[in-house]
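The values are calculated or read from the model by the stated rules, or taken from the named source; none is laboratory data. Fair warning: this is a prediction, and the values are worked out from it, not measured in the lab. Please note: Cβ atoms are built from the backbone with ideal geometry, for glycine as well, and neighbour counts cover all protein chains shown.
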Amino acid sequence: MRMQAFTSARYTAPMGNHSYPMDKYRLVPERLLAESILTPGEIVEPQPIALEDILRVHTPEYVHAFLNGTLERKALLRLGLPWSRQLVQRAFAVIGGTLGAARAALRDGIAANLAGGTHHAFADHGEGYCIFNDLVIVLRRLRVEGRIGRALVLDLDVHQGNGTATLCQTDPDTFTFSMHAANNYPAHKEHSSWDIALPDGTTDEHYLGRLEESLPVLLERSRPDLILYQAGVDVLQGDRFGKLALSMAGVGERDRITYDFARQAGTPLAVTLGGGYARDINRIVAAHCQTAGAAKSTGSYLGASVG
């Protein structure tokens, strides 16, 4: 069983003394290789996304201000990341990784981008560490290519995918599902196709029960040609920016349930890592590696294995 996973040295950018765990994008692939969860042949360098693909989703004013480093201070504060040329390069590389993972999933059944899931980005601004919305950009690019019709964005990050919800509200062919903490960022929730807001302190049993009962309904309502899975690990107990209380084993079971659901439905699924803000970066890395490892264990279920 082989699986393509997309990553790049360009997934990191200088942050200075910042709370965002940028090093995880280096540490996750290193650990996956060191523990032989993935082989070097399964690690793929993505091609950066094309500017025209970003402009299909985001306004020219916002895009060019970000590219040129001329965003107003208020906009940068809302974004939450320090601007740099490397950050611009990172944005293009990460979206390219999600596109690569989606194409690989359409061929093989399952694939992963070891970054991405930037679900807080709106058409005219970024927020919550999300510059451009890779999920929506990729869906629109795939439709231009004629590869998909209907799609499901399955967002299990602890925070509601507010940007994705807004960008897809007028898109009848994209079903957005977000199961998140109710009393958490963003303060104002947008309307996904289906939102499940969970109380503070939700633990494994209740969370996994809600997920298992929701997935068959989701399949019936969305009838997707592709699932984009935002697999944030900020649902873990003790996460700095999360208010749920899943155990590491519970997060692993969440991923297994999701992958089995896609496999049984015969629907391609592309994983993006999403958020994770535990105080110990090793805990974040372990959780993300668990998510990628479970995807690898699911194996190819469409066509031939990746060679």
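Descriptive notes on the structure:
- Evaluation of S297 against the conditions (1) surrounded by 15 or more Cβ atoms within 10 Å (Cβ to Cβ); (2) touching a residue at least 60 places away in the same chain (Cβ under 8 Å); (3) out of contact with any Gly (no Cβ under 7 Å at 6 or more places or on another chain) shows that the sole unmet condition is (1).
- The lone exception for G128 - which of (1) farther than 25 Å from I227 by Cβ; (2) in contact with a His (Cβ under 7 Å, 6 or more places away or on another chain); (3) surrounded by 16 or more Cβ atoms within 10 Å (Cβ to Cβ) it fails: (1)
- Residue in segment 285-306 that is touching a His at 6+ places or on another chain (Cβ under 6 Å) and either assigned to a loop (DSSP other than H, G, I, E, B) or at pLDDT below 95 (or both) present: no
- Residues in segment 3-41 that are closer than 22 Å to D239 by Cα and among the polar types (S, T, N, Q) were compared, and the one that is nearest to the chain's Cα centre (by Cα) is T12.
- Check on A123, of a type in the set (G, A, S) and not in a loop (DSSP other than H, G, I, E, B): no
- Counted residues, segment 226-247 - those being touching a strand residue (DSSP E or B) at 6+ places or on another chain (Cβ under 7 Å) and either surrounded by 24 or more Cβ atoms within 10 Å (Cβ to Cβ) or closer than 27 Å to V94 by Cβ (or both): 12
- Test set (1) touching a residue at least 12 places away in the same chain (Cβ under 8 Å); (2) surrounded by fewer than 17 Cβ atoms within 10 Å (Cβ to Cβ) - Q264 fails condition number: (1)
- Per the conditions (1) surrounded by fewer than 23 Cβ atoms within 10 Å (Cβ to Cβ); (2) assigned to a loop (DSSP other than H, G, I, E, B), the sole criterion not satisfied by G117 is (1).
- Restricting A105, A65, A34 to residues that are touching a residue at least 24 places away in the same chain (Cβ under 8 Å) and on the phi < 0 side of the Ramachandran plot narrows the list to A105.
- Scanning segment 248-307 for residues that are within 16 Å of R103 (Cα to Cα), over 18 Å from the mean Cα position of the chain (by Cα) and among the polar types (S, T, N, Q) turns up S300, S305.
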